[in-house]
Amino acid sequence: MNSRLDKAELALVEVHDAIRELAPNDQANEVITAVQRLPAREARWASMPEWIRRELVEAYRAKGIERLYSHQADAAERVHRGDNVVIVTPTASGKTLCYNLPVLNAVLENPDTRALYIFPTKALAQDQLAELQDLGSRLGDTFGVFTYDGDTPSDARQSIRQHGHIVLTNPDMLHTGILPHHTKWTRLFENLQYIVIDELHTYRGVFGSHLANVLRRLKRITRFYGREPQFVFSSATIANPGELASRLIGSDVDVLDGNGSPSAEKYFFFYNPPVVNRFLGIRRSYINETWRISREFIKRGLQTIVFANSRLHTEVLLTYLKQDNPQPPGSPETVRGYRGGYLPLERREIERGLRDGQIRAVVATNALELGIDIGSLDVAVMAGYPGTIASTWQRAGRAGRRKGSSCAVFVASSRPLDQFIVKHPEYFFSGSPEHAYIQPDNLEILINHLKCAAFELPLEPGEVFGEIDLEMLCRRLEESGYLHRSGDFYYWTQEAYPADTVSLRSVSSDNFVIVDETDGPEVIGEVDFSSALSTVHPKAIYIHGAQQYHVERLDFEQRKAYVRRVDVDYFTQAIRYTQVKRLEAEQTEAVTGPAIKAHGDVQVRSQVVGFKKIKFYTLENVGSGKLELPEDEMHTTAYWITLSRQLMESLPFTITERQNGLVGLLYALESVACLLLMCDRMDLGATIGEGSPGEGEFPGTTEPREGEFFEPTLYLYDAYPGGIGLSEPLYRLHELLIRRTRELIAGCGCEKGCPSCVGPAGETGERAKEAALGILERLAIRDSRFETKNEHV
């Protein structure tokens, strides 16, 4: 064993002790709730397939690869055979070689062969470009490999179209820059044999639903050019990779989930911040605890990655760690941040610094969760549960890779989902990862892509585009003036370029550019439209690379936020008000309570109405301000429970206490719903509304007394335009949702409510826990099998 590994393993022993030192009185294992050792795994090897050309074998041998892991050999054989496959293996198991080997071999066999590689981000495409260019140079530059994205110079694009054997792009560029201009890409489409889609597990929800429609358009165009390309997917571990891949392309896909790669020993710690007030259930700040733990790791010379679940928390942690590790003027920074909004050159510089060891710690959002090559790190620390088991393993996998011991630490927040995971580690370590769901026939998404498809090639009523009545939609688009029927085809009639107005990832395609005016105008970053309202509103403190900026003004017309450097001891958090308007119920049913459960279409209106000033380290609220910003409107789907006046009046609480109970109940319902659906908590929104008088849901009611809800309604809505299919399952799971929420709140050890059940007592109000349980008692099924109160979810 070399000295590097000796030091790392010694340091890990110290780290184990250091974590124990952070919780010296943890006799009952309430703070460190799990220490899981994942043993090292030996590699399983296979020979290079005989069909691989000699020069390609030699090129890999020059890179030190003389034989393959068993799963690489199996996957290469299946791809070579022409099967549609999805390769499912953990982080750092060599997935890219599974498809690079047969694709490059085919290109060397026939120089007319073309391949299209699709990555979810530009950074991943750049990472793969370096690997393929290295192989190309070893093969005498006999094939062309290029990235084609928004950063590609315009004078290079024509050459790429003609000479690119392998074109690396992302869904957004395929959608706006390739498919609408397919006549310029004739050379590619006439010879397209392989379509490789990397990081399949990221294509869930609205992004995956968009991609499925982009691939429908891609397949239309390849058929037009007489090609039926083969699809190869790669994915981290999720529960349904085959189903997801099949839905994306509308064809059967075989799952290859063997793994012959080695892995080193890893320790996984679950850390629950100590309770500081048992009566109120208040724990130490998980952000501050993450900082304390990470600081110990960095102090011991371990290269560390810290994951946060928001851009704000990323910058707050970065600020703390930079202050702990000051560098002399002119020296390179050893602690850096990495998130969306940083400029591309800055991100590439950070990736290089991590690979060569110059950067000793990085604080990142999920932007570094994917397979970007950042070398072998020693430790991964997660500030809060990422929302899914799959994402947690992805983050933990960034430390350790193939050699040397490593460790991962999950620091739980006080939210109910985090507390469930940290108190039930067996659920995490033995549970299957989540399903990834998409809804490609979501009408809002599909109509937009149908317009794009008509722009690219005329639509024929008899063709298949998802599971919808294409001719009916074409007639509707014709009535609206978008299409014109001539003979057997519908043609696009508008001058507008439809793909340019459809964003695959967010409601609006416009980003705000952030301009620093301190020493003359300088662009320092960017932020998407929806995030701009809460992060770069006037008077906000915007943090970039741990440097604070005061937002002077927000220019909506030019999509620019103007900022100046400041040095203050606080950051800001936006206050958002949300209102849901019921449009149409798809299904309704009277349930115990009495209450009504339903799901259907809703309109969600939200607005940033103010902000709080939060002091660093102590997290005290030291001020606030009001804002007047534009409203966001979204048509989506929701599941809701409308509570009758009879139920509310039967509660032995004041009107204020009942309303506190509703707020606490909604807080718990949202967390349990995420657990039952195995979805990311960012996928669901929640709010309280009022039932509309006169709807006839509860006949015989009289007018409400002043100040009381008429029929309070608890909404859980899909947080994406058009919905992504979460509401209907919640409607079906209503009884289980109520039962599990009741168990969660009743089983919590706090007295008056806490962040782990109904929310902080200071925010939910008096008797919120009691009132929430009172409502749940009335909603619960009267069945002795379900009367256990103290059993956890």
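Please pick out the residue among 596, 575 that is under 30 Å from residue 642 (Cα atoms), in contact with a Leu (Cβ under 9 Å, 6 or more places away or on another chain) and open to solvent by 20 Å² or more (accessible area, probe 1.4 Å). Reasoning before the result, please.
Working: 596 fails: open to solvent by 20 Å² or more (accessible area, probe 1.4 Å).
So the residue among 596, 575 that is under 30 Å from residue 642 (Cα atoms), in contact with a Leu (Cβ under 9 Å, 6 or more places away or on another chain) and open to solvent by 20 Å² or more (accessible area, probe 1.4 Å) is 575.
Quick one: in the range 490-542, of everything that is among the acidic types (Asp, Glu) and part of a strand (DSSP E or B), which residue is modelled with the lowest pLDDT? Spell out how you get there, then give the answer.
Residues of the range 490-542 that are among the acidic types (Asp, Glu), as a first pass: 495, 500, 510, 516-517, 519, 522, 526, 528.
When the remaining residues are screened for being part of a strand (DSSP E or B), the result is 516, 522, 526, 528.
Values: 516: 95, 522: 92, 526: 87, 528: 79.
Out of the qualifying residues, it is 528.
Against the definition (in contact (Cβ under 8 Å) with a residue 24 or more places away in the chain and open to solvent by 20 Å² or more (accessible area, probe 1.4 Å)), how does residue 352 come out, yes or no? Can you show your working first?
Details: in contact (Cβ under 8 Å) with a residue 24 or more places away in the chain: no; open to solvent by 20 Å² or more (accessible area, probe 1.4 Å): yes.
When the stated conditions are applied, residue 352 does not pass them.
Take the residues of the range 543-572 that are part of a strand (DSSP E or B) and open to solvent by 60 Å² or more (accessible area, probe 1.4 Å): which is nearest to residue 320 (Cα to Cα)?
Going through the range 543-572, the residues part of a strand (DSSP E or B) turn out to be 543-544, 547-555, 560-566, 570-572.
Narrowing further to those that are open to solvent by 60 Å² or more (accessible area, probe 1.4 Å): 547, 552-553, 560, 564-565.
On the way: 547: 11, 552: 25, 553: 27, 560: 28, 564: 21, 565: 18 Å.
Going through the qualifying residues, I end up with 547.
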Exactly one of 141, 112 is open to solvent by 20 Å² or more (accessible area, probe 1.4 Å), under 21 Å from residue 178 (Cβ atoms) and not polar (S, T, N, Q), and that residue is 112
Checked the range 173-182 for anything out of contact with any Asp or Glu (no Cβ under 8 Å at 6 or more places or on another chain), surrounded by fewer than 22 Cβ atoms within 10 Å (Cβ to Cβ) and within 14 Å of residue 125 (Cα to Cα); matches are none
Taking the range 61-101 and keeping only residues that are of a type in the set (Lys, Arg) and over 21 Å from residue 253 (Cβ atoms), one is left with 61, 63, 67
Scanning the range 729-739 residue by residue, the ones that are open to solvent by 10 Å² or more (accessible area, probe 1.4 Å), part of a helix (DSSP H, G or I) and either among the aliphatic types (A, V, I, L, M) or modelled with pLDDT under 90 (or both) total 1
Checked 722, 753, 774 against criteria (small (Gly, Ala, Ser), at pLDDT below 90 and either assigned to a helix (DSSP H, G or I) or closer than 16 Å to residue 660 by Cα (or both)); the one match is 753
- Item | Flag for residue 528 being acidic (Asp, Glu), closer than 22 Å to residue 150 by Cβ and open to solvent by less than 70 Å² (accessible area, probe 1.4 Å) | yes
Taking the range 390-434 and keeping only residues that are among the charged types (D, E, K, R), open to solvent by 10 Å² or more (accessible area, probe 1.4 Å) and either touching a Gly at 6+ places or on another chain (Cβ under 7 Å) or farther than 18 Å from residue 679 by Cβ (or both), one is left with 401, 402, 403, 423, 426
Requiring at least 1 residues that are open to solvent by less than 10 Å² (accessible area, probe 1.4 Å) and touching a strand residue (DSSP E or B) at 6+ places or on another chain (Cβ under 6 Å), the strands (runs of 3 or more DSSP E) wholly within the range 192-293 are 192-197, 230-235, 266-271
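Go through the range 607-635 and give me each residue that's among the hydroxyl-bearing types (Ser, Thr, Tyr) and out of contact with any strand residue (DSSP E or B) (no Cβ under 8 Å at 6 or more places or on another chain). Step through it out loud before you land on a result.
Start the filter on the range 607-635 by keeping residues that are among the hydroxyl-bearing types (Ser, Thr, Tyr), which leaves 617-618, 624.
Across the range 607-635, the qualifying residues are 617, 618.
Identify all residues within the range 146-162 that are closer than 20 Å to residue 104 by Cβ and either open to solvent by 30 Å² or more (accessible area, probe 1.4 Å) or touching a Lys or Arg at 6+ places or on another chain (Cβ under 9 Å) (or both); write none if there are none.
Filtering the range 146-162 for residues closer than 20 Å to residue 104 by Cβ gives 146-148, 160, 162.
Passing the criteria: 146, 147, 148, 162.
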Residue 522 meets each of (1) touching an Asp or Glu at 6+ places or on another chain (Cβ under 9 Å); (2) open to solvent by 30 Å² or more (accessible area, probe 1.4 Å); (3) within 24 Å of residue 179 (Cα to Cα) with one exception, condition (3)
Residues in the range 413-443 that are closer than 28 Å to residue 759 by Cβ and in contact with a strand residue (DSSP E or B) (Cβ under 7 Å, 6 or more places away or on another chain) total 4
Counting only residues that are closer than 24 Å to residue 634 by Cα and either among the basic types (Lys, Arg) or open to solvent by less than 10 Å² (accessible area, probe 1.4 Å) (or both), the range 443-472 contains a total of 6
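The values are calculated or read from the model by the stated rules, or taken from the named source; none is laboratory data. Treat the numbers as computed from the prediction; the structure is a model and nothing was measured. A quick note on method: Cβ atoms are made from the backbone with ideal geometry, for glycine too, and the neighbour counts reach across all protein chains shown. The area values use the complete protein model at the heavy-atom level, side chains included, leaving out ligands, DNA and RNA. Shrake-Rupley method; radii C 1.70, N 1.55, O 1.52, S 1.80 Å.
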